[in-house]
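J.: For reference, the structure I am asking about is given below.
The values are calculated or read from the model by the stated rules, or taken from the named source; none is laboratory data. Note that this is a predicted model, so its numbers are computed, not measured. Reconstructed Cβ throughout: ideal geometry from the backbone, glycine too, with neighbour counts over all protein chains shown.
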Amino acid sequence: MSLFKKIFGAANDVSGDEHRQDGHPYLPEQQLPIDEMFMVNFRKNGGKFLYCDNLGEVHEQFLNVLEENDWFECEALCFEPRLYPLLDENKLNYTNPQQPKFILATCENLVADEGSILFSSNQIKQKKPNELPANIVVYATTSQILGTKSDGLREIKRKYDKDYPTNITTIKYFEKAKEEDFMHYGSAAKNLYLLLLEDL
C-alpha cells in the first residue's frame, strides 16, 4: 500500500475510469466529431449556418438570404466565375460594384477548433478582411471541414502543389463583440452566412 493511501485512506479511492465518467474537471472533455465541433464553434462566434442536401437547396437558401436582407437589385462582390450563375439568376450586379452589399465567395477550408473560415487570394484577391463588405455569403462543402488551422494550411499546400495562393487569412468573428477585449483587437466582425453543402 502506498504512503498516500495509508495517510488519506483507500476507502473513498476512485479508479481513473470512474473519474472520467464523473466528468472530473482536470480531465479532457469527450472530443466531438469535427463537423459538430465546427458547427458549435461557428455558431458561438455568431455565424449563420444553412445546411443544404443538394445544389437545388443551395440556390433556395441563397434566395432566402437575399429575401431576409432585401438584397435584390443591389451590387455584390464576387471574384469567382463559378459563382456568377447564383448572382445572374437573381439579377445582381457584380461587374465593377461601387458599393457592394455583400461578397459571395467560396473558401479554402472550415476550421473546426475555432469555428473560423479560411480564405485565400483565390476567393478575396488581395483584400484584407476589413476591406471586404460587412456581409459575407460563403458557399462551402462538408468535405472542407478540417480540425485546425494547421490542417487547413497543409491542405492548401497539398492542393496547390507549387502555385500557392497568397493572402491566406481566417475570419472568425461574425458579430460585434459586446465587450472589446484583446482577443478581438484588430478583427473586423462580419455578418456571415454559410451555405454548407453535404458532399460526403
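J.: Taking the options PHE72, PHE49, name whichever one is among the hydrophobic types (A, V, I, L, M, F, W, C), assigned to a loop (DSSP other than H, G, I, E, B) and at pLDDT below 95.
T.: Going through PHE72, PHE49 in turn, just one is among the hydrophobic types (A, V, I, L, M, F, W, C), assigned to a loop (DSSP other than H, G, I, E, B) and at pLDDT below 95: PHE72.
J.: Considering only the stretch 96-118, how many residues are under 10 Å from the mean Cα position of the chain (by Cα) and part of a strand (DSSP E or B)?
T.: Of the residues in the stretch 96-118, 6 are under 10 Å from the mean Cα position of the chain (by Cα) and part of a strand (DSSP E or B).
J.: Can you tell me how many residues in the stretch 169-197 are modelled with pLDDT of 60 or more, among the aromatic types (Phe, Trp, Tyr) and part of a loop (DSSP other than H, G, I, E, B)?
T.: Residues that pass the stated criteria total 2.
J.: Could I ask something else about it? Taking GLU108 as the residue in question, decide whether it is touching a Lys or Arg at 6+ places or on another chain (Cβ under 9 Å) and over 20 Å from LEU195 (Cβ atoms).
T.: The answer is no for GLU108.
J.: For the stretch 135-168, enumerate the residues that are polar (S, T, N, Q), farther than 30 Å from LEU63 by Cβ and either assigned to a helix (DSSP H, G or I) or in contact with a Cys (Cβ under 8 Å, 6 or more places away or on another chain) (or both).
T.: The answer is SER150, and nothing else.
J.: For the stretch 16-34, check the following and say yes or no: at least one residue is buried (at least 16 other Cβ atoms within 10 Å of the Cβ), modelled with pLDDT of 90 or more and over 24 Å from LEU200 (Cα atoms).
T.: Within the stretch 16-34, none of the residues are buried (at least 16 other Cβ atoms within 10 Å of the Cβ), modelled with pLDDT of 90 or more and over 24 Å from LEU200 (Cα atoms).
J.: Kindly list, by first and then second residue, each pair from a residue in the stretch 129-149 that is over 25 Å from GLN31 (Cβ atoms) to a residue that is surrounded by fewer than 20 Cβ atoms within 10 Å (Cβ to Cβ) and of a type in the set (Lys, Arg), limited to pairs with Cβ atoms under 7 Å and residues at least 6 apart or on different chains.
T.: Here the result reads PRO133/LYS101; ASN135/LYS101, each pair linking the stretch 129-149 to a residue that is surrounded by fewer than 20 Cβ atoms within 10 Å (Cβ to Cβ) and of a type in the set (Lys, Arg).
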